[in-house]
Amino acid sequence: MFGPLYFLSDPQLLLTSPLMLIMAGVWLWMLIYCIRNDPERNVWLWVLIIIPPIGTLVYFFARWLPQARLKPPRFLNRISRGKELQRLSIAARQIGNSHQFVQLGDAQRDTGRYEQAGDSYFKALEKEPDNIQALWGLAQVEMHWKQYDKARPRLESVLAVDPSYKFGDVSLAYGRCLLELHDQDAAFTHLTEHLKRWKTPESQVVYARLLCERGETDAAREMLEGMVLEVSGGPKFFRRQSARWVRDAKRMLAKMPRPQ
């Protein structure tokens with residue numbers, strides 16, 4: 001059977017089959033995530049609804065997983081990626097085009113070598129000034145060093161080419177950059193639009209802080225409570241991934257005045 005009631009077509013089967021119950025839960029979670037966060041939801045909702053079992057797996061690997069940011073600890077990266085860094089460094093010297101320097105910069109940044117990564121991204125931009133990957137990489141390095149005035153124009157350049165680049169990561173970074181530069185009005189306008197497309201736990205916490213600064217505590221409370229509820233109902237690895245933002249949300253909620 002196909003369609004949105006696929007997993008609910010036989011309630012007895014759900015109760016007696018743990019696998020079916022897990023599949024139904026993952027399907028529902030992917031469906032809710034798609035509705036709330038995916039800018040291409042109009043296409044992917046059809047995939048999830050018409051062919052739930054296959055569509056759920058396809059959506060998980062094609063859309064959710066690239067946004068999950070599941071990374072090993074940085075100290076393990078330093079140990080395990082030594083040979084890769086050496087290989088990328090040799091390729092950058094020998095071939096010397098922007099692509100090789102971007103790959104090297106990404107690997108250096110992932111292993112915490114921010115100064116070296118910045119140099120690699122600069123070399124990539126010297127060869128290709130509008131390279132969107134190099135602009136994004138260098139902006140991340142500059143934000144790491146709190147050089148927000150330098151990162152801002154690079155992020156703007158990336159968003160001008162592709163507003164959806166990196167599934168909203170660039171858009172959120174730009175909102176954070178505006179906040180760090182104390183451009184509150186521009187940050188509020190940008191993040192309001194951002195949340196229409198990417199309602200992640202991190203973006204909701206950032207936006208709630210901005211709402212509190214504007215005195216809109218009721219709206220901030222509603223957003224944070226909804227986010228905490230959504231995360232608590234998600235799978236274990238999603239709760240683990242979002243734990244930091246849930247903690248931040250709960251701390252913020254504890255400090256807010258009680259609604260009258």
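Brief remarks follow.
- At q = 0.16, 0.25, 0.27 Å⁻¹, base-10 log of I(q)/I(0) for segment 76-145 (Debye sum, equal scatterers on each alpha carbon): -0.46, -1.04, -1.17
- Hits among lysines - C-alpha to C-alpha of LYS255 under 25 Å, sequence gap 8 or more where chains match: LYS199
- Stretched out straight at 0.36 nm per residue, the stretch from GLU115 to THR189 would grow longer than its current Cα-Cα span by 23.4 nm.
- Alpha-carbon Rg with Dmax, taken over the chain, Å: 21.1, 68
- Expressed as a whole percent, the accessible surface of segment 76-145 that belongs to carbon and sulfur atoms is 49, based on a 1.4 Å probe.
- Helical mean residue ellipticity (222 nm; -39500 (n - 2.57) per DSSP H run of 4+; nearest 500) of the chain: -22500 deg cm²/dmol
- For a straight C-alpha distance cut-off of 17 angstrom, the aspartates and glutamates reachable from LYS83 (same-chain residues fewer than eight places away being disregarded) are ASP106, ASP110.
- Solvent-accessible area per residue, Å², over segment 76-145 with all protein chains present [probe radius 1.4 Å]: 53 Å²
- Qualifying lysines (Cα of each under 17 Å from Cα of LYS196; at least 8 residues distant if same chain): LYS166
- Computed from backbone phi, the HN-Hα couplings of segment 143-155 come to 5, 4, 8, 6, 9, 5, 5, 7, 5, 4, x, 5, 5 Hz, rounded to whole numbers (Karplus: 6.51 cos²θ - 1.76 cosθ + 1.60, θ = phi - 60°; Gly and Pro given as x).
The values are calculated or read from the model by the stated rules, or taken from the named source; none is laboratory data. Only a predicted model underlies this, so the values are computations on that prediction, with no experimental measurement involved. Please note that ligands, DNA and RNA were not included when accessible areas were found on the heavy atoms of the full protein model with its side chains. Shrake-Rupley method; radii C 1.70, N 1.55, O 1.52, S 1.80 Å.
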